[in-house]
Structure formats: C-alpha cells, structure tokens
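Worksheet for the structure shown next.
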Amino acid sequence: MSDCIFCKIVDGEIPANKVMEDEEFIAFHDIHPKAKVHVLVIPKKHIPTFMDIQEEDVALLGRLHLFIQKVTKELNMDEKGFRVINNCKDHGGQEVYHLHYHILGGEKLAF
Ligand code: 5GP
Ligand code: ZN
C-alpha cells in the first residue's frame with residue numbers, strides 16, 4: 001500500500017472530485033482552490049517530482065498535454081485560456097511528491 005496521497009486517489013482509496021480520467025491520467029478538483037477553477041492533472045504512474053521524469057516517460061508526458069487540452073475543453077476554459085503550473089521540490093513549494101500540474105483559470109488570473 002502506498003503512502004502517496006495521489007496514488008491513493010488513483011487506487012480509489014480516497015475520494016476525489018474527478019473531472020476526467022483515462023487509462024493513464026486523472027484530473028480532479030484541488031481541495032483548496034486558488035482560482036475559480038483549480039484542477040490537478042496527474043499521471044497514474046508515480047513519478048515523485050519534475051526532476052524524476054525519465055526518457056521513458058517522454059511519450060506519456062506528451063500525451064498528458066493532450067489530456068490537459070481535453071480537460072480544459074470539458075471545463076470550457078480552452079477559448080479564454082488558463083495557466084499550467086508545476087511546483088518542483090522545496091523551493092517550488094511542492095507539498096505532494098507525485099508529479100502533478102495545476103490548471104488554473106475560469107477567470108482572469110490576477111497573480
Ligand atoms: P503542490 O504544492 O504539491 O504543488 O500542490 C499540492 C496540491 O494538492 C495543493 O494545491 C493541495 O490543495 C492539493 N491537495 C492536497 N491533498 C489533496 C487531496 O486529498 N485532494 C485534493 N483534491 N487535493 C489535494
Ligand atoms: Zn504517488
């Protein structure tokens with residue numbers, strides 16, 4: 001059993017308000033939203049940080065970009081736009097050590 005909170009979401013051990021899911025990725029609403037729409041997109045594969053991405057993950061993370069496009073279309077953010085953020089390690093403010101991208105939007109971001 002994993003100690004990783006996002007692996008627990010992948011395994012269905014803890015609930016998440018999911019926007020979309022496929023074989024490789026899940027998008028779900030952040031529990032403490034920092035914008036009108038704040039969604040997290042994760043690969044189901046446990047990759048701890050941005051710096052742990054390996055050559056073998058390149059195609060997976062390419063597809064993650066297309067998954068993000070689908071998520072933003074589902075949430076009607078695709079035309080007006082959005083922001084994609086990765087926080088990497090301590091200085092980046094990373095709290096959960098399972099690679100994830102923050103999708104922020106639904107409004108003009110003031111920050
Ligand atoms: P980080 O700082 O690691 O980039 O961001 C982690 C994000 O995960 C934070 O924005 C935090 O609110 C969110 N988060 C932490 N635990 C949970 C959880 O159990 N469920 C959901 N939906 N979001 C979480
Ligand atoms: Zn994990």
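Some values worked out for this structure:
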| item | result |
| --- | --- |
| Cα-centre dipole for the range 5-105 with unit charges at Cβ (Lys and Arg positive, Asp and Glu negative), debye to 20 | 440 debye |
| Charge sum, other residues only, whose C-beta stays under 15 Å from Lys89's C-beta, Lys/Arg counted +1 and Asp/Glu -1 | -3 |
| DSSP-assigned coil residues among GluC sites (Glu not before Pro) in the range 68-111, each with at most 12 further Cβ atoms within 10 Å | Glu79, Glu95, Glu107 |
| Over the chain: helical MRE at 222 nm, DSSP H runs n ≥ 4 each giving -39500 (n - 2.57), nearest 500 | -7000 deg cm²/dmol |
| On Cα atoms only, tilt of 58-74 relative to the major axis of the chain in degrees | 40 degrees |
| Loop chymotrypsin sites (Phe, Trp or Tyr not before Pro), the range 28-87 (other Cβ atoms within 10 Å of the site Cβ: 10 or fewer; DSSP) | none |
| Pairwise Lys count, the range 5-105 - Cα closer than 24 Å, eight or more residues apart or different chains | 28 |
| Choice from Val19, Val71, Val41 showing the highest fluctuation, given a GNM over the chain with Cα pairs closer than 10 Å | Val19 |
| Rg/Rh ratio calculated on Cα atoms of the chain (Kirkwood radius) | 0.94 |
| Separation between Cα centres of the range 61-84 and the range 15-32, rounded to whole Å | 13 Å |
| Loop-located GluC sites (Glu not before Pro) in the range 1-43, at most 16 other Cβ atoms within 10 Å (DSSP) | Glu13, Glu23, Glu24 |
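Bear in mind that the values in this text are calculations on the coordinates, not laboratory data. Model, not experiment: these values are computed from the prediction. FYI the Cβ positions are ideal-geometry reconstructions off the backbone, even for glycines, and counts take in every protein chain you see.
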